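A.B. asks: First, the structure itself, so that you have it in front of you.
The values are calculated or read from the model by the stated rules, or taken from the named source; none is laboratory data. Predicted model only: the values in this text are computed from it and were never measured. Cβ sites come from the backbone with ideal geometry, for glycine too, and all protein chains shown count toward neighbours. Areas reflect the complete protein model, heavy atoms only, side chains present, ligands, DNA and RNA absent. Shrake-Rupley method; radii C 1.70, N 1.55, O 1.52, S 1.80 Å.
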Amino acid sequence: MRQISPTKTFILQQTLFWCVLVAILYGLLRPQSPPDLFYQSDKWMHLLAFSALAFCAGVAFCSKLGWRVWAVLLFVAPVLEWVQHWVQPHRTFSWEDALSNIGGVVLGWLAFWILTRR
């Protein structure tokens, strides 16, 4: 079996992170709200999206930036919910969505921590 070079691995990790970030920004900053699949489904979408973002950020940046990755994500998670209102004025800030974003970062960190400890 062929090994993937460290450079290709790094590029793949970075690409995955940036793709997830672009998808989240699109979802947060698009004009219309996401469809309601079930009661409070948007909270689950926030939780899952920020979990994926945090996990990918950990994989892509933690070897170089360490704890700063998690500090930035914990700061940015609620701020993006607030920025959403300023970019799309008809969309409103939601504390529940901001908390779901933070919860997603924590879950992503936990998944990354579990993966790196094995």
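A.B. asks: Taking N as the number of residues in the stretch 61-110, what value does Rg over Cα atoms divided by 2.2 N^0.38 Å take? Intermediate values should be presented prior to the final figure.
C.D. replies: Numbers: Rg = 12.5 Å, N = 50, 2.2 N^0.38 = 9.7 Å.
It is 1.28.
A.B. asks: Turning to a different aspect of this structure: Please state the Cα pair-distance histogram of the chain with 10 angstrom bins from zero: what percent is in each bin?
C.D. replies: 14, 42, 29, 12, 3, 0
A.B. asks: Write down the accessible area per residue of the chain in Å², having rolled a 1.4 Å probe over the full set of protein chains. Write down the numbers at each step before the final one.
C.D. replies: On the way: 8030 Å² over 118 residues.
Computed with neighbouring chains in place, this is 68 Å² per residue.
A.B. asks: Taking the mean number of other Cβ atoms within 10 Å as a proxy for protection, how do you rank 101-109, 33-41 from highest to lowest?
C.D. replies: 101-109, 33-41
A.B. asks: Keeping all protein chains in position, work out how much accessible area Phe10 exposes to a 1.4 Å probe, and write it in Å² to the nearest 10.
C.D. replies: We get 90 Å² for Phe10.
A.B. asks: With each label point set 7 Å from Cα along the Cα-Cβ vector, what nm distance links Phe93 and Leu65?
C.D. replies: Computed distance between label sites Phe93 and Leu65 equals 2.4 nm.
A.B. asks: Sort 86-94, 50-58 by the packing proxy (mean of other Cβ within 10 Å over each peptide's residues), most packed first. It would help to have the intermediate numbers written out before the result.
C.D. replies: Values: 86-94: 12.4, 50-58: 23.3.
So the peptides 86-94, 50-58, ranked by packing, come out 50-58, 86-94.
A.B. asks: So for the pair Ile11, Val83, with labels modelled 7 Å out along Cα→Cβ, what separation do we get in nm?
C.D. replies: Those two pseudo-labels are separated by 2.8 nm.
A.B. asks: Per the 1.4 Å probe, what fraction of the accessible area of the chain, in percent, lies on carbon and sulfur atoms?
C.D. replies: Numbers: 5880 of 8030 Å².
Looking at the chain in its full context, I get 73 percent from C and S.
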